[in-house]
1. Skip the ligands, DNA and RNA, and give the accessible area per residue of region A:73-152 with a 1.4 Å probe, whole Å².
2. Can you give the accessible area per residue of region B:74-145, in Å², using a 1.4 Å probe?
3. Would region B:140-256 count as rounded, prolate or oblate if I go by the C-alpha gyration tensor, calling it rounded below 1.5 in a/c and otherwise prolate when a/b exceeds b/c, oblate otherwise?
4. Just going by the charge dipole of region B:177-256, with Lys and Arg at +1 and Asp and Glu at -1 on Cβ, which of B:GLY196, B:HIS236, B:ALA179 is farthest out on the positive end?
5. May I ask you to find the residues of region B:88-119 that are shielded by at least 50 Å² of accessible area once the whole protein assembly is considered instead of their isolated chain (probe 1.4 Å)?
6. Can you give me the % of accessible surface on region A:73-152 that is carbon or sulfur? Probe 1.4 Å, all protein chains present, nothing else counted.
7. Can you pull out the buried accessible area for chains B and A, both sides counted, probe 1.4 Å, rounded to the nearest 100 Å²?
8. Which one, B:PRO84, B:GLN116, B:LEU249, projects farthest toward the positive side of the charge dipole computed for region B:10-251 from Cβ point charges (K/R +1, D/E -1)?
Amino acid sequence: MSVLRSVIDFAIGDAQAEKAVPPTGFTVRLTVFSAAAMAFLVVFALALSLAAGRLADRWSDELARSATVRISAPAAQMAAQTEAALNVLRTTEGVESARALSLEEQRALLAPWFGPELPLDALQLPQMIEVIETASGFDGDGLRLRLAGEVPGAVLDNHARWRGPLVSAASSLRLLGWVSIVLIALATGAMITLAANAALAANAQVIAVMRLVGARDSYIAQAFMRRFTLRALAGAAGGTLFGAFALLLLPSASEEGGFLTGLGLQGAHWFLLILIPILAAVVAFLATRLAAHNTLRSLT
Amino acid sequence: MIETNGKLRHNRLIILRSDLSAKAVRQKGRKLIEFERVAHSYSGGELFNEVSLRLAPGSFHFLTGPSGSGKTTFLKLCYGALVPSSGVVRIFDDDVRQMSRDDIALARRRVGVVHQDCQFLDHLTLRENLALPLTVSGHEALDDDANLKELMGWVGLTSRADALPPELSGGERQRAALARALIMSPDVILADEPTGNVDWEMSQRLLTLLIELNRMGKTIMIATHDLGLIRAAKNHVQARVLRISGRRLQLAGADL
Ligand SMILES: Nc1ncnc2c1ncn2[C@@H]1O[C@H](COP(=O)(O)OP(=O)(O)OP(=O)(O)O)[C@@H](O)[C@H]1O
Ligand SMILES: [Mg+2]
């Protein structure tokens, strides 16, 4: 609570202290502008990061689904080979469960193509085995080799595997988004430090007079910190609003569109945007504080 | 060691009903500012050395010497703007070398300094400038502060209250600088050439103000090379005259 109190006190500020430091003109406008531009960029980096995260999660969910083993064998050997394949699968690391599909299930799978009346008994159908992987998954090539050795008619089909590289791409993209946000925050800090240093240098005389009449460093620093922090907050709020508006204009997420249309923010994630101006204010506060204390230390 | 005879008189006026802080100092000890074998040099060379001095409460000092002899430097040592090259300077019994920047800031609220070049904040009105020491030490409600009004009347600047410093004449600036030095009701007043660019009449008025302050118990040190001013003062106040000469601080004698 005391933190909140000091934040509120800081924001309300000391009107007299604020007045003692003359308007800092372009440095402050520079701060507002760069905070706005940076906030705008952060909105997109955040959206990108969250969208990539959503994709990575969805795709890796799909990966966790089943693989299939298909057994094509003469009718006489079918049952034996199926049993053998199930034995292999049960002793394979990374396989959670394996189950031969019943006739009815296979009929249901085929129904969309051949209709419900299909006389399955008349057809020489392969036997399907549904394999559920554990979270870590199995070694597809190893399993294929073992099956080839023990069950000549078995074919392993782990079709979902092609998405693996996509998942890692999406994860990298998410990481990239976060790295961008950190870099933007650092760049904002650097810019505000430069602006604050310029303001402090331009006001060396003012600072000297204030010191002469007994102002503490913290009092002087506060006047500058408050100014830059509030401007950064305002600028970033504007930039964030602008960025949010731009996001709204993007086409909304749809199943077919995949990645590109899923770039917007969803649900509660919109509230994350509130954090952007706060982050900007914190960065400005720290940068100005550092600059002010460094400058003040060098004065008598 | 030059001993100064501290002479405390009762407050005749109530203009600056200070004197809580002055009492505190009296209890704490009789030393306001103390120099012990102080030497100071800039990159250009040594200005003075072996300077020992004790400013007793209520004393009145003049500090004189040729231009460039180190008067301003001496005063800066007195209010912690400089740290001596060697020796010890104590302000209110604290060694300047041991004081933090905040300690120095607090000490300055008890030492009124009239700068040689009267530094003001040019974007603030005269009233705001005079109130600046109050502002920076966290006082509020300045506009109806009776002290401030009284003080402005005392230095004759009431009508200029809303002027900006660049609009003031040299004499007005110097009176304003004195008023600003007094607003915190300091124990010590250090004035660097307070009559530097005013005519004789005005310098007499300023001197009268300072003498009056001394009668109220303030400790005064005035750096000046205006010997006429010193002679004029000696008729009204028991003042000691220090002179920086030959890199030493000497007590000037009857030759003045
Ligand atoms: N910050 C500084 N760095 C280097 N030299 C300085 C510095 N300040 C003053 N000096 C030099 O020290 C000497 C004494 O300066 P100071 O201002 O104390 O003299 P002063 O007695 O007040 O002179 P005046 O009567 O002209 O005001 C001068 O020669 C000056 O050039
Ligand atoms: Mg001087």
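The values are calculated or read from the model by the stated rules, or taken from the named source; none is laboratory data. Treat the numbers as computed from the prediction; the structure is a model and nothing was measured. Quick reminder, even Gly has a Cβ in these numbers, built from the backbone with ideal geometry, and neighbours come from all protein chains shown. Note: areas computed on protein heavy atoms with side chains; ligands, DNA, RNA excluded. Shrake-Rupley method; radii C 1.70, N 1.55, O 1.52, S 1.80 Å.
1. In whole numbers, region A:73-152 has 62 Å² accessible per residue.
2. Per-residue value: 37 Å².
3. Here region B:140-256 falls in the prolate category.
4. Going by the Cα projections, it comes out as B:HIS236.
5. When all protein chains are present, B:ARG101, B:ASP102, B:ARG108, B:GLN119 each give up 50 Å² or more of accessible surface.
6. Numbers: 2950 of 4990 Å².
Result for region A:73-152: 59 percent of the exposed heavy-atom area is carbon or sulfur.
7. 2100
8. Sorting the options by dipole projection puts first B:LEU249.
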